Amino acid sequence: MEDNRRNFPSISPAAVVVAAVFLLVSALGTYWFTTFVPLVLPAQASAESKSVDELFTILVIIGGVVFFLIQGMLLISVLFFRARGEERNDGPTYHGNPLLEIVWTIIPAMVVVFLAVISFNVWTQNSEPKAAVNHVNGEEIAIEVSGARYAWTHTYATGRLSPDGVPIVINSGDTLHTYIGQNVELILQTQDVIHSYWVPAMRVKQDLLPGNPATGGRPTEIRFTPVRVEGELYPATYPIVCAELCGDGHGRMRGTVVVHENESQFLEAFYEPAIYAILNPPADPVLRGEIEIQRYICNSCHTLDSLEWSSRTGPSLNGIADRAGERVAGQSAEEYIALSIWNSGAFRVPGYNEQMAAFGPDVMESANIMSPEQLYAIVAYLCTQGEQSDCDQENASSAIPEAIETVFGMQVDINFGQGDAAADSADEAGGESE
Ligand code: CUA
């Protein structure tokens, strides 16, 4: 067999010129291409977004040059080194150009190191702890985010106490409220599997990591500072998305960031009314229960037409009061509903998995903590969901506490809700609750 190995031919000046022109054209072409980057990405709504977008642009330019260079070489090879005429044999095998081999090893290595350094730089800058986080009324508060299949829950530990000495914690469900210039720092914790908290407009994304089931996972943090976006009307809203496949409801695990224009708008439109509503719950347990049930993530799994819930992971709550009395022999409707909420494993509706989290005063997950009084109100509300309720609605104020005492042995202090009715408008609340 013929040895067709040859030494690598010397590179002609013409080839160098072609390569140089090609490199230039691909660099210019990619640079032009990056002018479209801002059109593709969402508004830069945080102080962090600029550096992330710059990094992205650099990556697009380098990736683009490499892409066009390789495709160009491929094209040149196909054109110039194709089989001509009757040629059917393999072409010559070239070997032995140490200089070329060194160059094409060192340049990519340098590019990779360069990218690693600038990426690490952006990452450390953006994830660095900041001074004065979550500033509200001159104080730092803790904001926690809980992820569970398939909903986000945001809780604000206000640092204030109710008249009975209970810490006031605002639960704003799937919505994060913040304001321009607030150094947001969120503590993220999952209740089940891995999720990822992603706010594209803020250019931040962080996984929620499962850990020890008894302690509810390993907390992670996410930090960003909202900035003013030109032409935006405030309060502005931006989507929160789950970026880690977590089950069949992954696609609807979404939330909203509401950016208020300044701290006073944040206080007036969200913070103070929320505290006011906690301190002044409606006296009617059913009305209170309707508010309470919406503090939890029930909507992520259940259908309930009265509240426009439409999820199908769990059994429907439509008409639950009509069925609750017949589920378990010897168990009243009130007992069944209370038990199903606090101890979700007690009874499983046929056809559904045991997926529901437990809610009760001693669960580990702060977003799931539900006092006996909250349970009372929620049971009272669910007892109204049906045509001819199995609950003893005439004597609800004694039947429900008795049911809770029977199944959990806990006393319910039903003397809550002596405050103003829920009808009080939120605007009015802003100034009064201080
Ligand atoms: Cu949570 Cu995907």
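The values are calculated or read from the model by the stated rules, or taken from the named source; none is laboratory data. This is a predicted model, so every value here is computed, not measured. Every residue, glycine among them, receives a Cβ derived from its backbone with ideal geometry; neighbour counts consider all protein chains shown. Note: areas computed on protein heavy atoms with side chains; ligands, DNA, RNA excluded. Shrake-Rupley method; radii C 1.70, N 1.55, O 1.52, S 1.80 Å.
Normalised by the number of residues in the chain, what is the relative contact order in percent for Cα pairs under 8 Å and 6+ residues apart?
Rounded, it is 13 percent for the chain.
Work out the FRET efficiency for Asn353 and Leu307 from their Cβ-Cβ distance, taking R0 = 25 Å, and round it to the nearest 0.05. Can you show the working numbers first?
Working: r = 23 Å, r/R0 = 0.92.
After rounding to 0.05, the efficiency reads 0.65.
Once you have a ≥ b ≥ c as the square roots of the Cα gyration tensor eigenvalues for region 243-331, tell me rounded if a/c is under 1.5, and otherwise prolate or oblate according to whether a/b is larger than b/c.
Judged from the Cα gyration tensor, region 243-331 comes out oblate (a/c at least 1.5, b/c at or above a/b).
So what does the Cα-only Debye profile of region 281-433 read at q = 0.13 Å⁻¹, as log10 I(q)/I(0), no solvent term?
Cα-only, vacuum Debye calculation for region 281-433: -0.58.
By accessible area of protein heavy atoms, probe 1.4 Å, what ranking do Asp362, Asp305 get, highest first?
Values: Asp362 130, Asp305 105 Å².
So, going from the largest accessible area down, we get Asp362, Asp305.
I'm checking a number: the convex hull volume of the Cα atoms of the chain, normalised per residue, in Å³. What is it?
230 Å³
Compare the peptides 133-145, 169-181 by average per-residue count of other Cβ atoms within 10 angstrom and give them in order, highest first.
Averaged packing, sorted descending, gives the order 169-181, 133-145.
Run the simple label-point estimate for Glu140 and Val328 please: 7 Å along Cα→C-beta, distance reported in nm.
Reported label-point gap for Glu140 and Val328 is 4.5 nm.
Take every DSSP beta bridge with both residues inside the chain and express the antiparallel ones as a percent of the total, to the nearest 5.
Numbers: 35 of 49 bridges.
Of those bridges, close to 70 percent are antiparallel.
Which value in deg cm²/dmol, rounded to the nearest 500, describes the helix-derived mean residue ellipticity at 222 nm for the chain, given -39,500 (n - 2.57) per DSSP H run of n ≥ 4 and division by the residue count? Don't jump to the answer; show the numbers that get you there.
On the way: 12 runs with 154 residues, N = 434.
After summing the helix terms and dividing by the residues of the chain, the value is -11000 deg cm²/dmol.
Using the crude model of +1 on Lys and Arg Cβ and -1 on Asp and Glu Cβ, and no other charge, please compute the dipole size for region 135-277 relative to its Cα centre, in debye to 20.
Here the size comes out at about 400 debye.
Need the full-extension length gain, Ala116 to Val37, defined as separation in residues times 0.36 nm minus the C-alpha distance. One decimal, nm.
26.3 nm
Given the options Val66, Val184, Val122, which has the most mean-square fluctuation in a GNM of the chain, springs set between C-alpha atoms less than 10 angstrom apart?
Val66
Relative contact order for region 281-433: what percent, with Cα pairs under 8 Å and sequence separation of 6 or more?
32 percent.
Given the peptides 367-378, 86-97, 400-411, arrange them by the average over their residues of other C-beta atoms within 10 Å, most packed first.
367-378, 400-411, 86-97
Solvent-accessible area of Cys298, probe 1.4 Å, all protein chains present, reported in Å² to the nearest ten, please.
Counting only protein heavy atoms, Cys298 exposes about 30 Å² to solvent.
Which whole DSSP H helices in the chain pass both tests: a Cα extent of 18 Å or more along the axis and a mean Kyte-Doolittle value no lower than -1.0?
Result, helices passing both filters: 13-34, 49-80, 98-127.
Per-residue counts of other Cβ atoms within 10 Å, averaged by peptide: what ranking do you get for 23-35, 98-110, 192-204, 219-231, highest first?
192-204, 219-231, 23-35, 98-110
Just Pro350, Pro129, Pro282 to compare: in a GNM of the chain, with alpha carbon springs under 10 Å, which one fluctuates most?
So, out of Pro350, Pro129, Pro282, the one fluctuating most is Pro350.
Quick check: with the 1.4 Å probe, what order do Lys130, Lys205 take by accessible area, largest first?
If we order Lys130, Lys205 from most to least accessible, we get Lys205, Lys130.
What's the local net charge at Glu185, with K and R +1, D and E -1, over the other residues with C-beta under 13 Å away?
Spelling it out: positives minus negatives among the neighbours equals -3.
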